[in-house]
Structure formats: C-alpha cells, structure tokens
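So the structure is just underneath, and the comments pick up after that.
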Amino acid sequence: QVQLVDSGGGLVQPGGSLRLSCAASGIRFSISTMGWYRQAPGKQRELAATITRGSSTNYADTVKSRFTTSRDNAKNTVYLQMNSLKPEDTAVYYCNARVFGDASWGQGTQVTVSS
C-alpha cells in the first residue's frame, strides 16, 4: 500500500523560509519521479517542482530561484526548501509520486505566508 506523508507546513512571514518533507512507503521510491503541487483557495492545483529518479529538477516559473527540491533515496524522502516566501505562495502543498504510470498523492500540508 502506497503512503505519502507530507509535513513541514505552517505560518511564516513574507520573506521567510519553510522546508517541506514527504516520506514515502510502499513504492519503489528510488525510481519514482517525485513532485510537489500546490492548491490555493479557489484555484486549481498546480505544479511547483519535480525531481526525477536521476535528481533532475524542474520548477514552475513562479517559484524558480526561490524553491529547491531534493531527495534522499536512503530515507525514501523528498524535500521542498522554500525561501523568500510570498503571500501568493499560500496554499496546501501536496507531494506526488509517479512510477510506471501510477500516481499517488500525499494528504497535503498547509503553508500560509502572512504578516
């Protein structure tokens, strides 16, 4: 049974930083493409960042140069380091895993950027 557990969200002031984590189990993590998506109130879920099995990364233009995703295959965990946070980054952030055409989602973690 695949399980993705998102954590690390919270309330942060503009300009601050947060680090999200996603711990995976029940999947072949090392060959999975991992992604971070986010959904703001009243908006569609959108892709923020992805990291392939070879650790190649891709970022949405809105987060490029501020967010960094990484993975630790020994811990079956993927991270999203978020710096210089803006109020428009406020959303629920979801971890996603894709392998052999199958996709799984974490439960989401709330990130709120506000003064």
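The values are calculated or read from the model by the stated rules, or taken from the named source; none is laboratory data. Keep in mind that what you see is a predicted model, and the values were worked out from it rather than measured. Every residue, glycine among them, receives a Cβ derived from its backbone with ideal geometry; neighbour counts consider all protein chains shown. When the accessible area is computed, the model is the full protein with side chains, heavy atoms only, and any ligands, DNA or RNA have been set aside. Shrake-Rupley method; radii C 1.70, N 1.55, O 1.52, S 1.80 Å.
Being closer than 13 Å to A103 by Cα and touching a residue at least 60 places away in the same chain (Cβ under 8 Å) is a condition met by at least one residue of region 16-27.
Condition check for T68 on (1) closer than 17 Å to G106 by Cα; (2) within 12 Å of the chain's Cα centre (by Cα); (3) open to solvent by 40 Å² or more (accessible area, probe 1.4 Å): one failure, at (1).
Output the residue which, of all residues in region 6-17 that are in a strand (DSSP E or B) and either at pLDDT below 95 or within 11 Å of the chain's Cα centre (by Cα) (or both), is surrounded by the most Cβ atoms within 10 Å (Cβ to Cβ). Out of the qualifying residues, it is D6. Scan region 100-115 for residues that are open to solvent by 30 Å² or more (accessible area, probe 1.4 Å), among the aliphatic types (A, V, I, L, M) and touching a residue at least 12 places away in the same chain (Cβ under 8 Å) and the total you get is 0. Summed over region 41-61, the residues that are loosely packed, with under 14 Cβ neighbours inside 10 Å and either within 16 Å of K86 (Cβ to Cβ) or in contact (Cβ under 8 Å) with a residue 24 or more places away in the chain (or both) give a count of 4. Residues that are out of contact with any Lys or Arg (no Cβ under 9 Å at 6 or more places or on another chain), among the aliphatic types (A, V, I, L, M) and in a loop (DSSP other than H, G, I, E, B) within region 64-115 comprise just one, A74.
Scanning region 71-86 for residues that are open to solvent by less than 50 Å² (accessible area, probe 1.4 Å) and of a type in the set (S, T, Y) yields T77, Y79.
Residues that are hydroxyl-bearing (S, T, Y), farther than 28 Å from Q1 by Cβ, surrounded by fewer than 21 Cβ atoms within 10 Å (Cβ to Cβ) and without any contact (Cβ under 8 Å) to a residue 24 or more places away in the chain are absent from region 88-98 altogether. The listed residues are R66, R38, R53, R45, and the only one of them that is of a type in the set (K, R), modelled with pLDDT of 95 or more and closer than 21 Å to Q1 by Cα turns out to be R53.
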